[in-house]
Amino acid sequence: MMPVWFSLTLKFAAIAMVALFVGAWKGVVAGWAMACIGLLVLHAAHVYQLTRLERWLKAPNADDVPDAWGTWGLVFAGIYRALRQETKTRDAVGKELELFMEAAQALPGGIAMLDSGDQLLWCNDTAAVHLGLQVGRDYGLRITNIVRVPGLAAFLQRALADNTLDYRPADNTGQLLSLKAIPFGDGRKLLVSFDITQIERADTMRRDFIANVSHELRTPLTVIHGFLEHMNDAPVAPAEQARRHIELMTQQSDRMLKLVDDLLMLSRLEAGDSPNREERVDLHALLQGLAQDARALSAGRHQIEVDVLGEAAVTGSVDELRSAFGNLVSNAVRYTPQDGRVTLAWRVDEQGRGVFSVADTGIGIAAEHIPRLTERFYRVDRGRSRDTGGTGLGLAIVKHVLLRHQATLEIQSELGAGSEFRIVFPAWRSVVDAPAHNATDTPNHDTADVTKHAEADAA
Ligand code: ADP
């Protein structure tokens, strides 16, 4: 392409040549007149094109660059190329900026950018919620004037990457947030906020758990220790007294063993999401075994019934289900006064879900306690739980076993009237093609069994 200077020089040369030619032909005056006309025409053309350029520059648009020919065509084409290039670069930078903004929005925490005077430059939506900011409206305002976090000004003054400021938002229920101020660039800061409510809760739970375990173990250990000291001081105690002490120490060590067993079971259950071994669990056999254990625990003080209707099998871990069902059954016996009734039942509901239930006519539970029963060491009546050999971990174990079997626990209870604990399994865990049961051991509907045991227990 021809350079502008060359094109212009060519035009001047052409005018000079024509003027020289006219001058030679018609005289000097005609030659000068021709040169003036040529220069005027050239000037008018440039003025015209400059006016178009000036008009276009007021609202420059790459798609609307004026059309021209000759020298001006070259100028306009250059402008057009530069503009397109700039638009392309701007689009690319804009896209990258958008990507960064999206990434900053997607972060689980809040981010607010402050300038060297702690004025808000930008923040993501999470930071807006955490700090009570209005995106856009609050930009340019000093953060300490718009955010009500005690100690924020001092915290920002000594902004160090490893410093944190924890606070509870005034309008929030129990949420705990943590701020970090990270210096960057020319005196600027990144204010990062995290929701640490769950971490704090887990921390509290861990502390409570350690305190509870220590307390639970301390009581029996104190008893054993006391007897051992006594034996040490008076090694030859009367036989009857020694027997009584050994009996009490055995009781206390049994209690510790049960607690440690339950703790180990809980930690095993928490270690994985699903049972290691899934198998077909025959509920007729399982429920009969549990009823037997319940009778041993009851020692004839209760009426224990088993009611199993139709096919009764699920897939799952037999050990875990025995432990979960067993905890419900032993609770029913332990929290039911003498002559009460405990019924173990299995049925399949209309939606094909298997339901195991344990109903008792015991002391019942007040409604406000029910949502907390599956917490570790939560007891309604601490004394009764301990006296009957409870560890306070039974229903926590049930909860974890059920989680691993995608089952749910339903509790219905009336104070003084009794309780019913139901475990509801998803329909896909029901085994529909269970083989026929041995008629004598596990009849399809254990009504005969119910009557038989009711009589036995009553006797
Ligand atoms: P514990 O070892 O104390 O029985 P659990 O976790 O098994 O611990 O049960 C938690 C609490 O729930 C018990 O302390 C008791 O107060 C209450 N509870 C559980 N089952 C029953 C029930 N069938 N009847 C009345 N209260 C019950």
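The values are calculated or read from the model by the stated rules, or taken from the named source; none is laboratory data. Since we're looking at a predicted model, the values are computed, not measured. Heads up, the Cβs are rebuilt from the backbone with ideal geometry, glycines too, and the neighbour counts pull from every protein chain shown.
Just one residue in the set Arg244, Arg277 is more than 15 Å from the ligand (Cβ to nearest atom), exposed (fewer than 15 other Cβ atoms within 10 Å of the Cβ) and in a loop (DSSP other than H, G, I, E, B); that residue is Arg277. When the range 425-447 is limited to residues that are part of a helix (DSSP H, G or I) and modelled with pLDDT of 90 or more, the one that is nearest to the ligand (Cβ to nearest atom) turns out to be Arg429. Would you mention how many residues in the range 319-334 are surrounded by 18 or more Cβ atoms within 10 Å (Cβ to Cβ), more than 11 Å from Val398 (Cβ to Cβ) and under 32 Å from the mean Cα position of the chain (by Cα)? Qualifying residue count for the region: 0. What do you reckon, is Arg422 assigned by TED's automatic domain parsing to the domain that holds Ala294 and away from the ligand (no atom under 11 Å from the Cβ)? In short, yes. Are there any pairs, at least 6 apart or on different chains, whose C-beta atoms fall under 8 Å, with the first in the range 185-209 and in contact (Cβ under 8 Å) with a residue 12 or more places away in the chain and closer than 20 Å to Leu114 by Cα and the second aromatic (Phe, Trp, Tyr) and in a strand (DSSP E or B), and if so, which? What qualifies is Leu190/Phe184. Filtering the range 118-159 to residues that are in a loop (DSSP other than H, G, I, E, B), more than 30 Å from the chain's Cα centre (by Cα) and under 14 Å from Leu179 (Cα atoms) leaves only Arg158.
Confirm whether Trp69 is touching a residue at least 12 places away in the same chain (Cβ under 8 Å), of a type in the set (Phe, Trp, Tyr) and assigned by TED's automatic domain parsing to the domain that holds Arg90. Against the criterion (touching a residue at least 12 places away in the same chain (Cβ under 8 Å), of a type in the set (Phe, Trp, Tyr) and assigned by TED's automatic domain parsing to the domain that holds Arg90), Trp69 does not qualify.
For the range 45-84, the candidate set comprises residues that are acidic (Asp, Glu) and in a helix (DSSP H, G or I); within that set, the residue that is nearest to Leu10 (Cα to Cα) is Glu54. Pairing each residue of the range 320-340 that is within 18 Å of Glu414 (Cβ to Cβ) with any residue that is charged (D, E, K, R), provided the two are 6+ apart or on different chains, yields C-beta distances under 6 Å for Ala332/Asp360; Thr336/Asp360. Listed conditions (1) touching a His at 6+ places or on another chain (Cβ under 7 Å); (2) within 12 Å of the ligand (Cβ to nearest atom) are all met by Gly316, apart from (2). The set of residues from the range 148-187 being crowded, with 16+ Cβ neighbours inside 10 Å and among the charged types (D, E, K, R) comprises just one member, Lys180. When the residues of the range 379-392 are filtered to those that are over 18 Å from Val260 (Cβ atoms) and surrounded by fewer than 17 Cβ atoms within 10 Å (Cβ to Cβ), which remaining residue is nearest to the ligand (Cβ to nearest atom)? So the residue we want is Asp381. Any chance you could count how many residues in the range 335-367 are within 14 Å of the ligand (Cβ to nearest atom), aliphatic (A, V, I, L, M), within 21 Å of Gln292 (Cβ to Cβ) and under 38 Å from the mean Cα position of the chain (by Cα)? So the count comes out to 3.
May I ask you to verify whether His405 is without any contact (Cβ under 8 Å) to a residue 12 or more places away in the chain and either near the ligand (Cβ under 10 Å from one of its atoms) or within 24 Å of Val308 (Cα to Cα) (or both)? No, not satisfied. Against the numbered list (1) at pLDDT below 90; (2) not in a helix (DSSP H, G or I), Leu228 comes up short only at (2).
Of the residues Leu290, Leu283, the single one that is crowded, with 20+ Cβ neighbours inside 10 Å, assigned by TED's automatic domain parsing to the domain that holds Arg386, under 24 Å from His400 (Cα atoms) and at pLDDT below 95 is Leu283. Please work out if Ala104 is part of a helix (DSSP H, G or I), of a type in the set (A, V, I, L, M), surrounded by 11 or more Cβ atoms within 10 Å (Cβ to Cβ) and touching a strand residue (DSSP E or B) at 6+ places or on another chain (Cβ under 8 Å). So Ala104 fits the description; yes.
The set of residues in the range 235-268 that are under 17 Å from Phe377 (Cα atoms) and either in the same structural domain as Ser317 (by TED's automatic domain parsing) or of a type in the set (S, T, N, Q) (or both) contains only Ser267. Under 14 Å from Ala127 (Cβ atoms) and in contact with a Phe, Trp or Tyr (Cβ under 8 Å, 6 or more places away or on another chain): is that true of Leu191 in this structure? Here the answer is no, as Leu191 does not meet what is asked.
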